[in-house]
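Enquirer: One structure, as structure tokens, below. Some questions next.
The values are calculated or read from the model by the stated rules, or taken from the named source; none is laboratory data. The shown structure was predicted, so the numbers you read here are calculated from the model rather than taken from an experiment. Every residue, glycine as well, gets a Cβ built from its backbone with ideal geometry; the counts of neighbours run over all protein chains shown.
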Amino acid sequence: MNTPENPTRIADDVVVSLDYTLTVENEVIDTSEGSEPIQFLQGYGNIIPGLERELYGMAAGERKEVVVTAADGYGEIDPDSFSDVPRSEFPPQIPMQVGIELQIKDKSGDILDARIDTVTADTVRLDFNHPLAGKQLNFSVHVVALRNPTPEELEHGHVHEPDHTH
Ligand code: ZN
């Protein structure tokens, strides 16, 4: 079936262009203002679930404030995602200060992002949780445009930017 018209409301299989501002604890964390809106295919988990769910039914041009709980955002803080490491294992040039962000290679060679959570005389506690874990996310969104996906985008489950090669 050939449907050349753009969709009028957000539903599964619709490509959404969205301007957004993400505020956490009254601080702007991320925004598309000043650059291009993000584009994504609705219904495929391309954006965080708590935001995607609230977008269904919105029309082009519409604005909305969306509150996403931690559980529907970056998850709750996982108490198992902390690790105590002897201070002696850190190179001396790394400042042993709470909040310092580090990249740690795990046993299988993957690079993990961590932050220094606590420092004692002998031990450094690293926090491997996402920095936004446990936080309520406040999105201010503006639906800029809606369009149908190409057959290839629909098959892949994501939007293809002009320079996209897979
Ligand atoms: Zn693709």
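Enquirer: Any residue at all in segment 137-149 that is touching a helix residue (DSSP H, G or I) at 6+ places or on another chain (Cβ under 6 Å) and either surrounded by fewer than 16 Cβ atoms within 10 Å (Cβ to Cβ) or in a strand (DSSP E or B) (or both)?
Expert: Scanning segment 137-149, I find at least one residue that is touching a helix residue (DSSP H, G or I) at 6+ places or on another chain (Cβ under 6 Å) and either surrounded by fewer than 16 Cβ atoms within 10 Å (Cβ to Cβ) or in a strand (DSSP E or B) (or both), so the answer is yes.
Enquirer: Testing PHE40 on (1) in a strand (DSSP E or B); (2) surrounded by fewer than 15 Cβ atoms within 10 Å (Cβ to Cβ), one condition comes back false. Which one is that?
Expert: (2)
Enquirer: Separate question: Here is a list of conditions, (1) in contact with a helix residue (DSSP H, G or I) (Cβ under 7 Å, 6 or more places away or on another chain); (2) on the phi > 0 side of the Ramachandran plot; (3) not charged (D, E, K, R), and GLY109 meets all of them except one; can you say which number that is?
Expert: (1)
Enquirer: Also, quick follow-up: ASP106 passes all but one of (1) surrounded by 13 or more Cβ atoms within 10 Å (Cβ to Cβ); (2) more than 16 Å from the ligand (Cβ to nearest atom); (3) among the charged types (D, E, K, R); which number fails?
Expert: (1)
Enquirer: Does HIS156 meet the test of being within 16 Å of the ligand (Cβ to nearest atom), in contact with a Leu (Cβ under 9 Å, 6 or more places away or on another chain) and either over 30 Å from PHE90 (Cα atoms) or not small (Gly, Ala, Ser) (or both)?
Expert: yes
Enquirer: Can you confirm whether segment 60-75 contains a residue that is touching a Ser or Thr at 6+ places or on another chain (Cβ under 7 Å), aromatic (Phe, Trp, Tyr) and crowded, with 17+ Cβ neighbours inside 10 Å?
Expert: no
Enquirer: Does ILE116 satisfy the condition of being more than 30 Å from THR8 (Cα to Cα), out of contact with any helix residue (DSSP H, G or I) (no Cβ under 9 Å at 6 or more places or on another chain) and modelled with pLDDT under 95?
Expert: No.
Enquirer: With respect to the numbered conditions (1) more than 30 Å from THR123 (Cα to Cα); (2) assigned to a strand (DSSP E or B); (3) over 16 Å from the mean Cα position of the chain (by Cα), which one is the sole condition not fulfilled by ILE29?
Expert: So the condition that ILE29 fails would be (3).
Enquirer: Please go through segment 89-114 and pick out each residue that is assigned to a loop (DSSP other than H, G, I, E, B) and either over 28 Å from the mean Cα position of the chain (by Cα) or more than 24 Å from GLU76 (Cβ to Cβ) (or both).
Expert: Within segment 89-114, PHE90, PRO91, PRO92, GLN93, ILE94, PRO95, MET96, GLN97, LYS107, SER108, GLY109 meet the criteria.
Enquirer: Which of the residues that make up segment 127-142 are among the charged types (D, E, K, R) and closer than 8 Å to VAL24 by Cα?
Expert: LYS135
Enquirer: Within the group ASP84, ASP117, which residue is in contact with a Gly (Cβ under 9 Å, 6 or more places away or on another chain), more than 30 Å from LEU18 (Cα to Cα), in a strand (DSSP E or B) and in contact (Cβ under 8 Å) with a residue 24 or more places away in the chain?
Expert: After applying the criteria, what remains is ASP117.
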